[in-house]
1. Here are some residues: GLY251, GLY274, GLY283. Which one is more than 13 Å from the ligand (Cβ to nearest atom), buried (at least 24 other Cβ atoms within 10 Å of the Cβ) and either under 14 Å from the mean Cα position of the chain (by Cα) or closer than 19 Å to ASP52 by Cβ (or both)?
2. So ARG126 fits all but one of (1) outside any loop (DSSP other than H, G, I, E, B); (2) touching a Phe, Trp or Tyr at 6+ places or on another chain (Cβ under 8 Å); what number is the exception?
3. Might you check whether a residue that is more than 20 Å from the chain's Cα centre (by Cα), touching a residue at least 12 places away in the same chain (Cβ under 8 Å) and not in a loop (DSSP other than H, G, I, E, B) occurs anywhere in the stretch 360-369?
4. Just need a number here: residues in the stretch 143-166 that are under 20 Å from VAL269 (Cα atoms) and within 16 Å of the ligand (Cβ to nearest atom).
5. Being hydrophobic (A, V, I, L, M, F, W, C), outside any helix (DSSP H, G or I), under 30 Å from GLU368 (Cβ atoms) and touching a Phe, Trp or Tyr at 6+ places or on another chain (Cβ under 8 Å) is the filter here; which residues of the stretch 297-350 pass it?
6. Restricting to the stretch 27-85, count the residues that are assigned to a loop (DSSP other than H, G, I, E, B), of a type in the set (D, E, K, R) and surrounded by fewer than 22 Cβ atoms within 10 Å (Cβ to Cβ).
7. If I ask for residues that are closer than 14 Å to GLY142 by Cβ, more than 16 Å from the ligand (Cβ to nearest atom) and among the polar types (S, T, N, Q), which ones from the stretch 101-128 would you list?
8. Answer yes or no as to whether MET205 is within 16 Å of the ligand (Cβ to nearest atom) and among the aliphatic types (A, V, I, L, M).
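The values are calculated or read from the model by the stated rules, or taken from the named source; none is laboratory data. Since the model is a prediction, treat every value here as computed from it, not as a measurement. Cβ atoms come from the backbone with ideal geometry, glycine included; neighbour counts cover every protein chain shown.
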Amino acid sequence: MSSGADSAVFGRSSATLSTASHGEGVYLYDTDGRQYLDGSGGAAVSCLGHSDEKVRAAIHGQLDKLAFAHTGFFTSEPAERLARKLIDNAPGDIARAYLLAGGSEAVEAALKLARQYFLEIGQPGRHRVIARRQSYHGNTLGALAAGGNAWRREKYAPLLIEVSHIAPCFAYREKHADESLEAYGQRAANELEAEIQRLGPDSVMAFIAEPVVGATAGAVDPAPGYFQRIREICDAHGILLILDEVMCGMGRTGSLFACEQDGIAPDIVTIAKGLGAGYAPIGAMLASERIYRAIADGSGSFQHGHTYHGHPLAAAAGGAVLERLVDDGLVAGVPGKGDRLVQALQARFGQHPHVGDIRGRGLFRGVELVENRETKAPFEPSRKINVKVKKAAMAEGLICYPAGGTVDGKSGDHILLAPPFIINDDQIDELTDKLGRAIDTAIAAA
Ligand code: PMP
């Protein structure tokens, strides 16, 4: 079955979807035998490609021993191993890992942990969250409330907790022409200070942000110094900094945690996607010693939980993925491959009349499409250019992740690229060629 208007799976409009059959390296295949280069790892998930021997062996081995033991009764060897390795490789004083089944669960847990922390230390007045307009933190209600994507929030607005949204750090769109990148970064960060003052510092518990913005904007990396100023502001007011690295973490940007490149450490960090690399549904929330200690010395435990948190099979997969990323040097190879990808993108699109910006870090890259390269005017949203690029790319045999998120109505269509870390030079060229043809086809058709 290649497409199914009669699909029993409740989700996407199945009439437009092919049926995935199998995967090999950086390629996916459908049941009609068509091959697709996975240029975005789905949505920045498949960092090891689709047939990693070590991860498959780890899952099989764990399955033969133990698939599940409820965390209300047991911990497990794979969960302990994974948590230890995450902590050992995390920035700052991250002291504990809470294993979950995905990114939204990790963000929900982060928000609840922040709240419980302030109760434990005797500051019950702190409950407000500040986030950014150009952001995605997940689709469950707390995570959706934190996210700044108007389209995703719209239908559920009455159900969402109140969250303030400040401007993102998005130099291509927001930096003044006569301003340095550094000065812009400070100006953007200082919006947090202003918002804290507006809300009342003693009422704010956390600021949450993606170090490199993914799904809503196509790999927008922050200005130098931006996150250092954010960290300073949070510290000055005793506010927790939650970094959402669900998409940009696990080596995607060239360091295991993206924030390492910004020279800061979070109080809480969320990860998922690349942690399971698509082999298992897994996410994690990592918390600092200060937060862990406050709870351990206070009421004793984090009042949260899901049936499948700490799942042994998923943890075994995550542990093997982390070994591949760290011990086998795959993350160490990302900066070089990322440079190669950018060179190929620059060569193909550097002078393209409808490519306004090529950005990002490592193997996390974005291409912003514009109507007019000089004025940066976006395409009319009704032309749905990004959706058409996705379709044309699939027809070319390329998977890339489209987005049509707007920043205050000014920005338009983006294409996110996040290929597996095992991609080689020829495959990078294949990706760029196919993307070029898809963009030209989509714009001509729109
Ligand atoms: N945070 C970020 C930054 C994400 O990109 C995503 C998923 N795109 C999520 C959270 C939610 O993760 P999940 O889809 O696994 O729930």
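1. On the way: GLY274 fails: more than 13 Å from the ligand (Cβ to nearest atom); GLY283 fails: more than 13 Å from the ligand (Cβ to nearest atom).
Going through GLY251, GLY274, GLY283 in turn, just one is more than 13 Å from the ligand (Cβ to nearest atom), buried (at least 24 other Cβ atoms within 10 Å of the Cβ) and either under 14 Å from the mean Cα position of the chain (by Cα) or closer than 19 Å to ASP52 by Cβ (or both): GLY251.
2. Tallying (1) outside any loop (DSSP other than H, G, I, E, B); (2) touching a Phe, Trp or Tyr at 6+ places or on another chain (Cβ under 8 Å), ARG126 fails exactly one: (1).
3. Initial filter on the stretch 360-369 (more than 20 Å from the chain's Cα centre (by Cα)): 369.
Of the ones still in play, those that are also touching a residue at least 12 places away in the same chain (Cβ under 8 Å) are 369.
Within this subset, residues satisfying the condition of being not in a loop (DSSP other than H, G, I, E, B) are 369.
Looking through the stretch 360-369, at least one residue is more than 20 Å from the chain's Cα centre (by Cα), touching a residue at least 12 places away in the same chain (Cβ under 8 Å) and not in a loop (DSSP other than H, G, I, E, B).
4. Qualifying residue count, the stretch 143-166: 8.
5. Within the stretch 297-350, the first condition is being hydrophobic (A, V, I, L, M, F, W, C), and the residues that meet it are 302, 313-317, 320-322, 325-326, 330-332, 334, 341-342, 344-345, 347, 349.
Restricting the remaining residues to those that are outside any helix (DSSP H, G or I) gives 302, 330-332.
Filter once more, so that each one left must be under 30 Å from GLU368 (Cβ atoms): 330-332.
The answer is LEU330, VAL331.
6. Keep residues of the stretch 27-85 that are assigned to a loop (DSSP other than H, G, I, E, B), which gives 31-34, 39-40, 45-52, 66-76.
Of the ones still in play, those that are also of a type in the set (D, E, K, R) are 32, 34, 52.
Checking the rest, the ones that are also surrounded by fewer than 22 Cβ atoms within 10 Å (Cβ to Cβ) come to 32, 34.
Going through the stretch 27-85 one residue at a time, the tally reaches 2.
7. Listed by number, the list holds a single entry, GLN116.
8. Numbers: within 16 Å of the ligand (Cβ to nearest atom): no; among the aliphatic types (A, V, I, L, M): yes.
No: the conditions fail for MET205.
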